[in-house]
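Here is the structure we will look at.
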Amino acid sequence: MKSHIYYVWCILIATSGLVQAQNWGMITGRITDNTTLSPLPGATILVSGTDYGTVADKNGRFSLKLPPGQHPLRASFVGYETWQRNIEIEEEKNTSIEISLKPASSTAGDVVVEARSTEAGVQSVTPEMVQAIPAPFKDGFRALKNLPGVMSNNELSNEYSVRGGGYNENLIYINGFEVYKPFRTKQGEQEGLGLLNPDMAERMTLYTGGFPVQYGGKLSSALDVQYRKPRNLAPTGAVYASMLDAGVSFSTGFGKWGLMSSVRRAQARSFFGSQELKGTYAPAFTDAQGLVSYTFKTGHEMTLLGMWARHRFRLEPSQKRSYYGTYNDLRSVWINYSGEENDGYNIGFTGLHFQNRLSSHLKADHRLAYFGITETETYNIRADATLYLVDPSKTDPNSPINDLAFGGVVQEDRADNHLSVGTYTLDGRYTLEQNRHVSTAGWALRQLVWEDHITENSAVIGQNSMGDLVRIPIKNLQDTLPRTTTRQLSAFIQQVRDVLPETGKLTITAGLRADYFDFNNEWTASPRISGTYRLSPNLTLTSAWGIYHQSPAYRELRGETLTDETINGSLNRDLRSQRSIQYVTGATLFLPKRRLYLRGEAYYKKLTNLISYTLQNTRVTYSGENDSEGYTYGLDLQVRGEFVPGLESWFNYGYLVARERFLPTFQNTQNVGWIPRAMDQRHTVSMFVQDGISKDDTWRLYLQVMLGSGLPYTPPTPGESVSNISLQTPGKRHSQRFLEYKRADLGVTKSLEIRPKGITSSSPSPKLLLSLEVLNIFDMKNTISYTWIDPGNHIWERVPTRLTPRTFNARLRIQF
């Protein structure tokens, strides 16, 4: 957060008793809507770049004490443009001002109507919050995990589930361009940092349900990220380094040009190496992003956004030691490895955006973009596992010499996989702004290009009934999909209307979306409607209904390629779009005196044409068939506000039920009836708390807590027995659950002034932030997956794969 340190210095002087509070001045005023002149209760007024400020009461009035001098003030309210001005405060005098905020819908920029936090399914997080939340990386996606309706059980991964949906059911837009995550990652270590760079972001809005028709193509959520527009600004930026990553960002403007760029590097070998699997970890993620804007004349602008990312994950595993069972029946597995794994991806993105205001009421936006990703997965690993019975009083943690071996197995895995996906997009959007409503129409053309090569071999080595070693192949895949091209077409119309005579009392958003996918020759239509009713200045009711279709992407179309099956043969051209009918209703209550928001939302989803999938760690494997139907319902509750004046915190609780049922054609003895879906996390609790030190405002304390019920999984059952070696087949689908996910992270930050003035008179004062984070402070042992080992008696031993223990991270950040 860009902070004016001279103001913090004033606070420190006051708390130290060097300056008496009665010497301060007072600023009072009223915040209103500039079109209706109605008050805006709950509007915030802050000293720019700080957390110091207050909120307007039910009549829109506020008062704030400030030390003498000039202060940059910032007033804001959801759905309105931000007001900023420098105000001179005189000693022991009152300064009165009137602030009128302009509704953002009249100059909505890249988004037709500014999403308000009181709308159905809308959540927001600021870039400052991303920096504050203690996490291994500040990549933006991880901060979403602490929002209502968002679930995650893996701190190594930036994947997230929204209201029971899969990882592949979330839309991601950056400056209106759709971007994508890697397709083939099977564990969090392979992901690197997400493309979302919070140092470049201005705002991040997440629609957890009921999102409008301008966003399409997914079932669960839409994340809309807007990068800052650097124009006629003094140079600003940040430089940071930690034990895990480092980066730099820079932004400036001159005349008609604006420039913003960033570079990041992450090498988290110490973090990954804290897991039970030991070896030589060599992860390396690098990305560079740049944004250039040019204003031809007022209302006509061009923006060029470029992104490049490269990630390599190399691992030479050596040994893994895991204990499992109970104290009275304690067991362990010791696995010795040989070989190595090399995975990675390259991402390239270029997007060009033209904005043209054709008249005072009509605006046109056109975008042209290319997104390309190439992924590689190569490994040749041999794992020699031995199972032991453990006597806790005699065991040696460094050697199994005192333990009793009771079985073992050897497995060899080899792969050489390559996937390339390219997406070319051309779209247009036209917005007509009238007195009390906004109409929007849009279209998009998209071409998809796929190339895929797969080589995978796996075998189990064990003893037969005669005691001889035998090698049993369990997987043998090899095929290439040549360059394959397909196209998509979409169009939508939408209108936002202020219905009642009283402005802002009832707002209705309605629209219709149509999509066509030529690979399976399918048309879909998606009508959606939502409403916001302001029952009182402090109570808002929301509701939404809509039909959502998710066209099958490459992963769904390919499904799970089987032995002796070609990739092209596994692509299902009869696969239909998954379909969800969603109902959302909720309420938001603002308590001005306590400066708290109380929010609750209930939702229900009817799911048809589902493509079932299995989840192993972070890898999603689809069946490639419309084989099931389902439903999801739940409740999200949040308390959010300033429990400590000037510092925002929140508490979330979520309840969720997600069920699926296979259609008769696809039923077997293991999947009959209504069964839990892969993301059926029944209870989730999360919180983020900020605090400070009363006598020293340069200190900040941050606490993040995440609790979640265990996700379901499918245990194996003994299948065919070959030479006395039992092979695995899936057991009853999702009949067991992982243990609860429990984690707490703590961060402490000290802010230091570097110099009292910025680079220019209009730029913020530079400051140094020193942070220490304790990740997983209670050293909870969370399990992400299980490995199943048959010691030779056809009774499978369940060996957990655990996530990271308690770790530490130190971070240094300079903002200017």
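Structural remarks
- Restricting the first member to segment 784-808 and to residues that are closer than 30 Å to Leu770 by Cα and free of Cβ contacts under 8 Å to residues at least 60 places away in the same chain, and the second to residues that are open to solvent by 30 Å² or more (accessible area, probe 1.4 Å) and not in a strand (DSSP E or B), the beta-carbon pairs closer than 6 Å and six or more apart or on different chains are Arg806/Asp779.
- Residue match in segment 564-574 (condition: part of a helix (DSSP H, G or I) and either basic (Lys, Arg) or open to solvent by 40 Å² or more (accessible area, probe 1.4 Å) (or both)): yes
- Subset tally (residues that are in contact (Cβ under 8 Å) with a residue 60 or more places away in the chain, assigned to a loop (DSSP other than H, G, I, E, B) and aliphatic (A, V, I, L, M)) for segment 647-686: 2
- Residues satisfying the stated conditions in segment 52-82, i.e. more than 24 Å from Arg203 (Cβ to Cβ) and in contact with a helix residue (DSSP H, G or I) (Cβ under 6 Å, 6 or more places away or on another chain): Pro67
- Sole residue being open to solvent by 30 Å² or more (accessible area, probe 1.4 Å) and among the acidic types (Asp, Glu), chosen from Asp343, Asp287, Asp329: Asp329
- The set of residues from segment 628-639 being crowded, with 20+ Cβ neighbours inside 10 Å and either among the β-branched types (Val, Ile, Thr) or under 26 Å from the mean Cα position of the chain (by Cα) (or both) comprises Gly630, Thr632, Gly634, Asp636, Gln638.
- Failed item in (1) open to solvent by less than 50 Å² (accessible area, probe 1.4 Å); (2) under 30 Å from Asp33 (Cα atoms), with Ala459 passing the rest: (2)
- Residue in segment 764-777 that is modelled with pLDDT of 95 or more and not in a strand (DSSP E or B) present: yes
- Under the condition of being closer than 13 Å to Asp224 by Cα and either outside any loop (DSSP other than H, G, I, E, B) or without any contact (Cβ under 8 Å) to a residue 12 or more places away in the chain (or both), the residues counted in segment 160-198 number 7.
- Filtering Thr801, Thr749 for residues that are at pLDDT 95 or above and either open to solvent by 30 Å² or more (accessible area, probe 1.4 Å) or not charged (D, E, K, R) (or both) leaves a single hit, Thr749.
- Tally of residues being charged (D, E, K, R), in contact (Cβ under 8 Å) with a residue 24 or more places away in the chain and either within 18 Å of Gln815 (Cα to Cα) or assigned to a strand (DSSP E or B) (or both) across segment 230-272: 2
- Considered as a group, the residues in segment 136-149 that are outside any loop (DSSP other than H, G, I, E, B) and open to solvent by less than 10 Å² (accessible area, probe 1.4 Å) include one that is nearest to Asp680 (Cα to Cα), and that residue is Leu144.
- Residue within segment 506-520 that is open to solvent by 60 Å² or more (accessible area, probe 1.4 Å), under 27 Å from Ala587 (Cα atoms) and touching a residue at least 24 places away in the same chain (Cβ under 8 Å) present: yes
- If you go through segment 649-666 and pick out every residue that is buried (at least 20 other Cβ atoms within 10 Å of the Cβ) and of a type outside the set (Phe, Trp, Tyr), you end up with 5.
- A residue that is under 22 Å from Arg184 (Cα atoms), of a type outside the set (A, V, I, L, M) and without any contact (Cβ under 8 Å) to a residue 60 or more places away in the chain cannot be found anywhere in segment 427-440.
Yes or no, residue by residue, for (1) open to solvent by 30 Å² or more (accessible area, probe 1.4 Å); (2) modelled with pLDDT under 85; (3) under 30 Å from the mean Cα position of the chain (by Cα); (4) of a type in the set (Phe, Trp, Tyr):
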site	(1), (2), (3), (4)
Arg61	yes, no, no, no
Thr82	yes, yes, yes, no
Asn94	yes, no, no, no
Lys102	yes, yes, no, no
Val111	no, yes, yes, no
Arg116	yes, yes, yes, no
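A quick yes/no check of all residues on (1) in a strand (DSSP E or B); (2) under 22 Å from Trp788 (Cβ atoms); (3) of a type outside the set (S, T, N, Q):
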site: Gln447; (1), (2), (3): yes, no, no
site: Ile454; (1), (2), (3): yes, no, yes
site: Asn457; (1), (2), (3): yes, yes, no
site: Val460; (1), (2), (3): yes, yes, yes
site: Ile474; (1), (2), (3): yes, yes, yes
site: Gln478; (1), (2), (3): yes, no, no
site: Arg483; (1), (2), (3): yes, no, yes
site: Arg487; (1), (2), (3): yes, no, yes
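- For segment 577-608, a residue qualifies if it is under 26 Å from Ile547 (Cβ atoms), crowded, with 18+ Cβ neighbours inside 10 Å and of a type outside the set (Val, Ile, Thr), and the qualifying residues are Ser577, Gln578, Arg579, Ser580, Gln582, Gly586, Arg599, Glu601, Tyr603, Lys605, Leu607.
The values are calculated or read from the model by the stated rules, or taken from the named source; none is laboratory data. The model shown is predicted, which means the values in this text are computed figures rather than measured ones. Counting neighbours? That spans all protein chains shown, and the Cβs are built from the backbone with ideal geometry, glycine included. Ligands, DNA and RNA are stripped out before the accessible areas are found, and what is left, the full protein with its side chains, is counted by its heavy atoms. Shrake-Rupley method; radii C 1.70, N 1.55, O 1.52, S 1.80 Å.
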